[in-house]
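Have a look at the structure that comes next, please.
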Amino acid sequence: MLTWYQWLILGLVPPLILSLYFLKLRRVPVEVPSTYLWTKTVEDMHVNSIWQRLRNNLLLWLQLLVVLILMIACLRPGCTGEKLPGDRFIFLIDKSASMSATDTETGISRLEDAKNQIYTLIDRMKSNDAAMVITFSDTEGVDQSYTKNKAILKRKVKSIKPTQQGSNINRALIAATGLANPGRTSDKLSNTDVQVADALAATMFIFSDGAIKNVSKYAPGELTTIYQPVGAVRPVSNIGITTFSVNDQVDTGGSIEAFVRLQNSGFEPKTVGVSLFIGDQLTDADTVTVPGREISEDKLTLGANGRLADIDQSPPGGLSLKFDLTSVAAVLESAAPIRFKIDEPDDYVLDNEAYCVLNPARPTNILVVTDYNPALKLASSTDRLKKIANIEFAEREFLKEKEFKTNAALGVYDLVIFDQCSPETMPACNTVFFADLPPGDEWKFTKDLEITPIIYTNNSHPVMFDVQMQSVSILNGQLIEGPKGNTSLVESIDGPVVAIGPRSGFEDIVIGFPMILYEEDGNTPYNTDWHKKPSFPFFMQNVIRTLGSGSRFNSLRPNRPGDSVKIKPRYPYEEIDVKNPKGGRQFLKQQPNKSFVYNEADETGIYSVTEKGSKEVDQLFAVNLLDRLESDIAVRDELKLGYEAIKGNVSREPARKDFWTFLAFLALAALTAEWIIYNRRVFI
Amino acid sequence: MAKLAPPKKNSQDEPLLSPALLAQLERMELVSRKIFRGRMKGERRSKRKGQSVEFADFRNYVAGDDLRFIDWNMYARLDKLFLKLFMEEEDLHFYTLIDVSPSMQFGNPTKFQYAKQLAGALGYIGLCRADRVKIEALDGSRNSNAPTLRGRSSLWQLVDHLERMESQSTVSMTEAVKAFCLRNTGKGILVLITDLMDKSGYEEALKYLVARDLDIYLIHVLSQEEIDPDINGDLKLVDCEDQDIAEISVSKRLIDRYKQTLASFIEQARDFSSRRGIVYTMTSTERSVDRLVSRYLRQRGLVR
């Protein structure tokens, strides 16, 4: 700021300019033929009032304007900006679903608010400062590597689009810390540890609402981390759907239920209307009150920046709802989309709708071909399975009958279990073979086994879910070699004894050992003690659920936005057409394993799959956010990164953002205008 | 001191009357709206009856009449003496007055040079038609050395006189015209070439001329710099005649105002002239003399 005498001097300038206007100018003498006309002209203009002269003198006003602007510039007008420590910056921006919440002061989304804050930071960067932009949701991406070009940085920040995905900061942190702390490498020969590059100190700004998955390991090294919480200071009420599923009939004994859980991230209970649509038809509606957070706001402590420090100590309130859809499903002819909706809009609308697919309640047809296998019979005819499947038993002779051949070719069966037998041609359905091979040369027994221990069970496959085979003893068996693309399910010390392999849209399981031995003398001793273990009924239940229901349960698999969706159509189409909720289409070609991979499921909603060129919907699948963390839109006061808890930034050093340069520029413009007016003789 | 639009050097070196212009002028004739009495026979009909071959009228003989003009055939038939009257062919006084004030030294070519060219051109037309041509400077002197010229052969004298004519010290226009009127009593056509830039006014001077019952043509010469001045900045304008000073700060508004003043000045002069039977023509030095004579002055009836 200026001192009083400097102000005095500055204040004297305008009167000085004014007085100069009344002084005689030093004029250039020019000889003219006669001043007669000039004198008359000037006399006309000089009806010599001083004020008239001043009023018409644009140049004077411009000069006074220039001085005025300069005086204002000397006052150093400005606003509070942010002082950026250091010279290298990383802007880590959360673009997960919760960043779409509009609980900011201005009502814009959190992401937009974060972008605005970053623009200010970019403006405050010195000309030699470099910065980079990393965004993260479920995945991370380096949107812009280090650059000093502020225009590029702003453009990149501006181009960040919100996603409908969850938040996983882990890999983004690895990318950021990796750039600030280059790794070390070891030269094995010389046994020395070499630093590959110098670590460069940088400051990382994390713009997030703090709703991120746990970070297990975080070693910032040279990286200074600053967390900028974005969003409302107090958690606003948001009712979100965190679970929406249609249950498996097997678990509920035949009834079909939709299960919904609502979550309230505010402190006060909130009453909302909810609706359930099947297709476009409103099927059920209700008004429910969702309780608020478990611990009330006044019992929580406040952080340094006014936010609630321990918001996670008070989990959001929840309410579960159940809708019985058995009767609705019974009359369905094809799979139908179900939409569950919260009627009242709130600050975060992405979790106000959830989708699911309801399949028609059709019992599965299963044929078990066996002469004598009480264990198989027992395990396939439990009450639970009976409710969802029509299970027929037949002897091996039945395979030669015309009825079987016709039914098998027409696809009447969903699953056929062959116990120590094999048909002439494979039926148009999934199959399970006990101690026999499907016709053809794709499947082979490679080696006979005697008393072999089982060392591995592939529990990641749905058929082997919860099936533990390690304690099962097998007397005689054979090693299996399956067709291309087969998956080993159970392995002995020598190799696979149970495997599953694809067959043009169907799947075949081959088990390399019999349950019962048919001896020549008519005895039927057990070849294994598997039937005595709980793993056998589990296995049978999994087989019937997974293979017997065909694609019915495919649609029940939860897909999240951004996931790769594996699509297995009912028939082995070569190309399919996937239509997203907005109507966009994408054609997919069959993968070598007869399935399709769809990578564009970025939005929540119902996606439909048809054969290319056909109008008949093959199947539907739903993509849902359903993320408790994202739906709890309370902004966290601190970010837990590894063992480090980073407090939300409040200690921004207030720095001035001056406008004097702008004013000086304005004064220059006024001066230029004056010069043009003076020289060009435009109207004065 | 800078001078507004100093004359180009070569404009002074150009011949006063080019051969092409002379050829054009030979076909022209000065026209007087009034018929004046000349002193010598010229090539135009006079109001006076005279001795030409063209018969005019008869009148009764009175004692003292020239017996040569008595129509004897008539006397034989009627026994009365009649005198035959013939149209007299007379010459014409053609005066040209050139303003020689220093203000005429401006422009490109200078207004003075332009005036001399114009005077020369008009004078040559008069010479070709055997009129009595006299070109005088408005210098206010009692004894003019301007020759009175007749006949085409006097062209060289005319040119010589014009070339010797110089812009002289300032005498007011009224004084100069008064002196001219005292010196010259003949009637005829008078062409006054001036820029009218006389602070004491031009009206009095024109009134003197009107009183002489002359056929007056006023040619108002202005330079382009006076019509559309190209000046900038804060200036002290110095009058070349009386060193009067006008201080101006040039602006678009001022220039516009000046043009308005000039327009009203011209309008005033035109109005004053037409009220008194003076034919007024305004011209710029940019307009060529042959164009002025062959087109504008022909339109106004001075030549045909």
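The values are calculated or read from the model by the stated rules, or taken from the named source; none is laboratory data. Worth saying up front: this structure is predicted, and the values here are computed from it rather than measured. Every residue, glycine among them, receives a Cβ derived from its backbone with ideal geometry; neighbour counts consider all protein chains shown. When the accessible area is computed, the model is the full protein with side chains, heavy atoms only, and any ligands, DNA or RNA have been set aside. Shrake-Rupley method; radii C 1.70, N 1.55, O 1.52, S 1.80 Å.
Each label point is 7 Å from the Cα along the Cα-to-Cβ direction; what then is the distance between the points at A:E392 and A:I676, in nm?
That separation, rounded to one decimal, is 9.4 nm.
Taking the Cα centre of the range A:252-336 as the origin and placing charges on Cβ (Lys, Arg +1; Asp, Glu -1), which of A:A309, A:Q263, A:T289 is farthest toward the positive end of the dipole?
A:A309
May I pose another question? May I ask which of A:K341/A:K582; A:K126/A:K158; A:K386/A:K582; A:K154/A:K579; A:K322/A:K647 have a Cα-Cα span longer than 29 Å here?
A:K386/A:K582; A:K154/A:K579; A:K322/A:K647
Let me know the mean shielding of B:242-250 by other chains, meaning the per-residue number of their Cβ atoms within 10 Å of its Cβ.
6
Relative to the Cα centre, what is the charge dipole magnitude of the range A:364-548, using +1 at the beta carbon of each Lys and Arg, -1 at the beta carbon of each Asp and Glu, and rounding to the nearest 20 debye?
Computed about the Cα centre, the dipole is about 700 debye.
Give the average, rounded to an integer, of partner chain Cβ atoms located within 10 angstrom of each Cβ in B:256-268. Walk me through the intermediate numbers first.
Working: counts 2, 6, 7, 2, 3, 9, 4, 0, 2, 3, 0, 0, 0.
Average neighbour count from other chains, rounded to a whole number: 3.
Skipping prolines and chain starts, which residues have an amide H placed within reach, meaning under 5 Å, of the one on A:I134, given they are 5 or more residues away or on another chain?
A:F91, A:L92, A:I93, A:D143
Shifting gears a bit: Starting from the Cα gyration tensor of the range A:96-151, take the square roots of the eigenvalues, sort them a ≥ b ≥ c, and report rounded, prolate or oblate (rounded when a/c is under 1.5, otherwise prolate if a/b is larger than b/c, else oblate). Mind dumping the intermediate values first?
Details: a/c = 4.43, a/b = 1.44, b/c = 3.08.
Oblate.
Now, a different point. Could you go through the range A:530-536 in sequence order and give the Karplus-derived ³J(HN,Hα) for each residue, using 6.51 cos²θ - 1.76 cosθ + 1.60 with θ = phi - 60°, rounded to whole Hz, and x for Gly and Pro?
After applying 6.51 cos²θ - 1.76 cosθ + 1.60, I find 4, 5, 8, 8, x, 5, 5 Hz.
Another question, then. Multiply the residue separation of A:N649 and A:S255 by 0.36 nm, subtract the distance between their alpha-carbon atoms, and state the gained length in nm to one decimal.
Contour length minus Cα-Cα distance gives 136.6 nm.
Can you work out the Karplus-derived ³J(HN,Hα) for every residue in the range A:413-419? Use 6.51 cos²θ - 1.76 cosθ + 1.60 with θ = phi - 60°, whole Hz, and x for glycine or proline.
Along the range A:413-419, the couplings run 8, 8, 8, 10, 9, 9, 9 Hz.
Another question, then. How long are the three semi-axes of the equivalent ellipsoid for the protein assembly as shown, computed from the Cα gyration tensor as the root of 5 times each eigenvalue, in whole Å, largest first?
121, 40, 26
A further question on this structure: Using Cα springs under 10 Å in a Gaussian network model of chain B, which residue among B:Q113, B:Q260, B:Q24 shows the largest mean-square fluctuation?
In the Gaussian network model the winner is B:Q260.
Students sometimes get this wrong: rank A:M464, B:M282 by accessible area, probe 1.4 Å, all chains present, largest first.
Sorted descending by solvent-accessible area, the residues read B:M282, A:M464.
What residues qualify as long-range amide H neighbours of B:L85, i.e. H under 5 Å apart, gap of 5 or more or another chain, H built at 1.01 Å from N?
B:A56, B:D57, B:F58, B:R59
Dipole of the protein assembly as shown (Lys/Arg Cβ +1, Asp/Glu Cβ -1, origin at the Cα centre): which of A:P569, B:V303, B:G151 lies farthest to the positive side?
Of the options given, the answer is B:G151.
Let me ask something else. Probe 1.4 Å, all protein chains in place: accessible area of B:D57 in Å², nearest 10?
80
Here is a follow-up. Net charge within 13 Å of A:K270 by Cβ-Cβ distance, Lys/Arg positive one each and Asp/Glu negative one each, not counting A:K270 itself?
Details: positive: A:R293; negative: A:E268, A:D343, A:E344, A:D346, A:D347.
Neighbourhood net charge equals -4.
Is there a quick way to get the dipole size of chain A? I mean about its Cα centre, with the Cβ of Lys and Arg at +1 and of Asp and Glu at -1; what is the value in debye to the nearest 20?
About 4240 debye.
Hey, with R₀ at 56 Å, roughly what FRET efficiency would B:S144 and B:R77 work out to, going by the Cβ-Cβ distance, to 0.05? Show your work: numbers first, answer last.
Details: r = 55 Å, r/R0 = 0.98.
It comes to 0.55.
A further question follows. Lys/Arg Cβ at +1, Asp/Glu Cβ at -1, dipole of chain A taken about the Cα centre: which of A:S208, A:L588, A:A435 is farthest positive-ward?
Sorting the options by dipole projection puts first A:S208.
Pull up all non-local amide H partners of A:I646: gap of 5 or more, or a different chain, and H-to-H distance under 5 Å with H placed in the peptide plane.
Here A:L639, A:K640, A:L641 satisfy the definition.
Still on this structure, I have one more. For a quick check of understanding: with a 1.4 angstrom probe and all protein chains in place, what accessible area in square angstrom does A:E574 have, to the nearest ten?
Using a 1.4 Å probe on the heavy atoms, I get roughly 140 Å².
Could you compute the net charge surrounding A:T446? Neighbours are other residues with a C-beta less than 14 Å from the C-beta of A:T446; K and R count +1, D and E count -1.
Every neighbour counted, the sum reads -4.
Output wanted: per-residue J couplings in Hz (rounded whole) for the range B:98-110, from phi through Karplus 6.51 cos²θ - 1.76 cosθ + 1.60, θ = phi - 60°, x for Gly and Pro.
Calculated HN-Hα couplings, in order: 10, 5, 10, 5, x, 5, 6, 7, 9, x, 9, x, 5 Hz.
Extending each Cα 7 Å along its Cβ direction at A:S595 and A:K402, get the distance between those two points in nm, one decimal.
4.1
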